[in-house]
Amino acid sequence: MESFYSNQLKRNWKYRVYLPNSYKKDNTKYYEILYLLHGHGGNEDVWIKYGNVNRILDRLYNEDKIRDFIVIMPDGGNSWYVDGVENMESAIIKDLIPKIEKYYRVKIGRQYRSIGGMSAGGYGSLRFVLKYPELFINGILMSPSAYYPLPDSNSSAITGVDSFKDANGNFSEDLWKTYNYDNYWNIFDSSNCKPHNFYISVGTDDIFKSIIKIVNEQLPAAFSKRSANVFLDIKNYNGGHDMGVWKQAFEYAITQIYKK
């Protein structure tokens, strides 16, 4: 576990980092990077402890299926990666990325930078690529909680995210719509930074039924208007809203993005 002081969060901020074996062996080599976000209720340890990301990557490297890259896994709390109760969105853009690119041997430029996440992390990843298309070339959206127009009634977005609550502590439709990704199509469409690639996936038995529709209908329809500048790779896996699905989705996406 690593940490540093975040000016945006005004506190010490934890993250996990995965470095390929070659990182310590060759100090002249620079690397592509993936920012990997957790879901609601998670922290910086989730992808390692439950997602076995380190083991998956070690195996794929040993099998010579992927080229070397760095993975950064920040603690996003229950922010859903927006500037709400805390400036988590700004912390990632203004604090984390510059810190990582200064401290680690990272290739600079959007063509080397990807972002992904599961559930609320998928929601955050979609927002980041649409709002900051100059920063990311790939988005990995695993069961993304990118509800439109509103979350399912059983979603933690309704009950567990302070940034989406009004002064009385109730879920606010207006706040949800203020933050939602649909606000950023104009930024995405007007950007000269193209193309973008999205690897989008969901479990066929996801308990949040709208996410199945989001992955298979809503997002493809929205992106179809931008087909010349967007590559979509959509997968449905047997399973629910769980790490069993996300591990498969993660492995598939990185073998496409970082294949040798």
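Once you sort the root eigenvalues of the Cα gyration tensor of the chain as a ≥ b ≥ c, which label holds: rounded (a/c under 1.5), prolate (a/b larger than b/c) or oblate (the other case)?
Taking the square roots of the gyration eigenvalues as a ≥ b ≥ c, the chain is rounded.
For Asp26 and Met1 in the same chain, what is the full-extension length gain: residue separation times 0.36 nm, less their Cα-Cα distance, in nm? Provide the component values of the computation, followed by the final result.
Working: separation 25, 0.36 × 25 = 9.00 nm, distance 2.24 nm.
That pair, Asp26 and Met1, stretches by 6.8 nm at full extension.
Straight-line reach from Lys24: which lysines have a Cα under 25 Å away, not including same-chain ones fewer than 8 places off?
Lys24 reaches Lys14, Lys49, Lys65, Lys99, Lys102, Lys107, Lys259, Lys260.
Need one number: nm distance between label points at Asp58 and Glu134, each 7 Å from Cα along Cα→Cβ, rounded to one decimal.
It works out to 4.1 nm between the two label points.
Quick one: check the C-alpha center-to-center distance for region 75-133 versus region 184-260, whole angstrom.
Cα centroid of region 75-133 versus Cα centroid of region 184-260: 17 Å apart.
Counting DSSP beta bridges with both partners in the chain, what percentage is antiparallel, nearest 5?
Counting only bridges with both partners in the chain, antiparallel ones make up about 30 percent.
Amide H of His196: which non-local residues (sequence gap of 5 or more, or other chain) have their own amide H closer than 5 Å, using H built in the peptide plane?
Result for His196 returns Val230, Phe231.
Place the peptides 9-18, 61-70 in order of packing, highest mean first, counting for every residue the other Cβ atoms within 10 Å and averaging per peptide.
In decreasing order of mean packing, 9-18, 61-70 become 9-18, 61-70.
Tell me, what ³J(HN,Hα) does each residue in region 72-82 have, in order and in whole Hz, if you take phi through Karplus 6.51 cos²θ - 1.76 cosθ + 1.60 with θ = phi - 60° and put x for Gly and Pro?
Rounded to whole hertz, the list is 10, 10, x, 7, x, x, 10, 6, 6, 6, 10.
Counting Lys +1, Arg +1, Asp -1, Glu -1, what net charge surrounds Ile93 among other residues with beta carbon under 14 Å of its beta carbon?
0
Let me spell out the model: positive unit charges on the Cβ of Lys and Arg, negative unit charges on the Cβ of Asp and Glu, origin at the Cα centre of region 2-257. What dipole size does that give, in debye rounded to 20?
Using only the charged Cβ atoms, the result is roughly 800 debye.
Based solely on its DSSP helices, what 222 nm [θ] is calculated for the chain when runs of n ≥ 4 H residues each add -39,500 (n - 2.57) and the sum is averaged over all residues, nearest 500 deg cm²/dmol?
Value at 222 nm, helices only, nearest 500: -8000 deg cm²/dmol.
Among Gln248, Gln218, Pro195, pick out the residue whose Cα is farthest towards the positive end of the charge dipole of region 147-260, where Lys and Arg carry +1 and Asp and Glu carry -1 on C-beta, about the Cα centre.
Working it through, the farthest residue towards the positive pole turns out to be Pro195.
Every number in this text was worked out from the coordinates using simple rules, so none of it is lab data. Note that this is a predicted model, so its numbers are computed, not measured. Note: ideal-geometry Cβ built from the backbone for every residue, glycine included; neighbour counts use all protein chains shown.
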